[in-house]
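No lab work stands behind these numbers, since they all come straight from the coordinates. Treat the numbers as computed from the prediction; the structure is a model and nothing was measured. Please note: Cβ atoms are built from the backbone with ideal geometry, for glycine as well, and neighbour counts cover all protein chains shown.
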Amino acid sequence: MSQHIGQDGVPLRHDGTPFPADSSQWTDAEKEYLETYYFGTREHVESDGQTVAAVDVPEIDGSAIA
Amino acid sequence: MSWEHVINAAQLAWKVIEDGKPSAEISTNTCNAVPDVSDWHSLTDAQGPTWVGRKLKWENYLGIDVVDLHFRVHWEYGARYRGGGAYIPNCWITVIKCDVAWGFDVSLNMHVHNPTNAGDERAPKARLPITVSGSVSSPLTSQTLNWDYILFGDGDHESLH
């Protein structure tokens, strides 16, 4: 099983070679390792917004409509 | 057709992030909430834009940030028709950051719902509901993303999630 990550962020197998992109080439033990440690994630979510003072909503001048 | 009816005279939906990268569609697609009149292009006094958004980060159990995402929905507000009302002449989304590590995929889409009038007949205030949704997935995991926002013509907004 992999215990290393390559410099480009690709997880490495026990023999130091990168995992292939095709998941069908992963062994069951490798899948379990990847699912637990590499693909298992903690999510951090932060709101990002600007608050502006609400503008007035004046009436439309209906007499100006042709 | 009348100014108290608010319509979206632009796009209804577009891709924001596709295959883990910002979509080209975000540079050309917009939506709006404008009066249902033929001369809505004559809106004046637009202000802003202001924005609402999310910063999202997924860290795996090896301590690696595998997804780092930041998007903002911008809108201009306070636009007048014949001197009154508060409409939204432009709304768009930008991707400020989208870093996706090996094995992960991110997709994100913008959906625009029917705008309505949150004001009254003489002083219409545009109300524009939008949804930003998608997923973060890998060959072994998948997580749905969904945020609903309501943007108002006076510059206010509500985040429903």
Please turn the phi angles of the range B:151-157 into ³J(HN,Hα) values with the Karplus equation 6.51 cos²θ - 1.76 cosθ + 1.60 (θ = phi - 60°), one per residue in order, whole Hz, x for glycine and proline.
9, 10, x, 8, x, 7, 7
HN-Hα J in Hz across the range B:80-88 - Karplus 6.51, -1.76, 1.60, θ = phi - 60°, x for Gly and Pro:
9, 10, 6, x, x, x, 8, 10, 10
Karplus-derived 3J(HN,Hα) from phi for the range B:17-33 (6.51 cos²θ - 1.76 cosθ + 1.60, θ = phi - 60°), whole Hz, x at Gly and Pro, runs 10, 9, 6, x, 10, x, 7, 5, 5, 6, 7, 10, 9, 9, 9, 7, 9
Using the Cβ atoms and a cut-off under 11 Å, what net charge is assigned to the surroundings of B:V100, where Lys and Arg are +1 and Asp and Glu are -1?
-3
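Could you work out, residue by residue across B:50-63, how many beta carbons of other chains sit within 10 Å of that residue's beta carbon, and then give the average as an integer?
On the way: counts 4, 4, 5, 5, 5, 5, 5, 6, 7, 5, 10, 7, 9, 2.
Counting Cβ atoms of other protein chains within 10 Å of each residue's Cβ and averaging gives 6.
How big is the Rg/Rh ratio for the protein assembly as shown, C-alpha atoms only, Rh by Kirkwood, two decimals?
On the way: Rg = 22.5 Å, Rh = 19.5 Å.
With Rh from the inverse mean 1/r over Cα pairs, Rg/Rh is 1.15.
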Sequence-distant residues sharing a close amide H with A:D61 (under 5 Å, placed H)
B:G84
Which one of B:E121, B:E59, B:E18 has the biggest mean-square fluctuation once chain B is modelled by GNM with Cα springs under 10 Å?
B:E59
Could you work out, for the range B:1-101, what percent of all Cα-Cα pairs fall into each 5 Å distance bin, beginning at 0 Å and stopping at the bin that holds the largest distance?
3, 12, 19, 17, 14, 11, 9, 6, 4, 3, 2, 0
Under 13 Å, Cβ to Cβ, from B:M1 - net charge with Lys/Arg +1 and Asp/Glu -1:
-3
For the range B:10-50 and the range B:112-161, what is the separation of their Cα centres, given in Å?
13 Å
Can you count the Lys pairs in the protein assembly as shown with C-alpha separation below 16 Å, eight or more apart or on different chains?
6
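Going by C-beta contacts inside 10 Å, put B:W102, B:W147 in order with the fewest on the left.
Working: B:W102 17, B:W147 21.
Going from least to most buried by this count: B:W102, B:W147.
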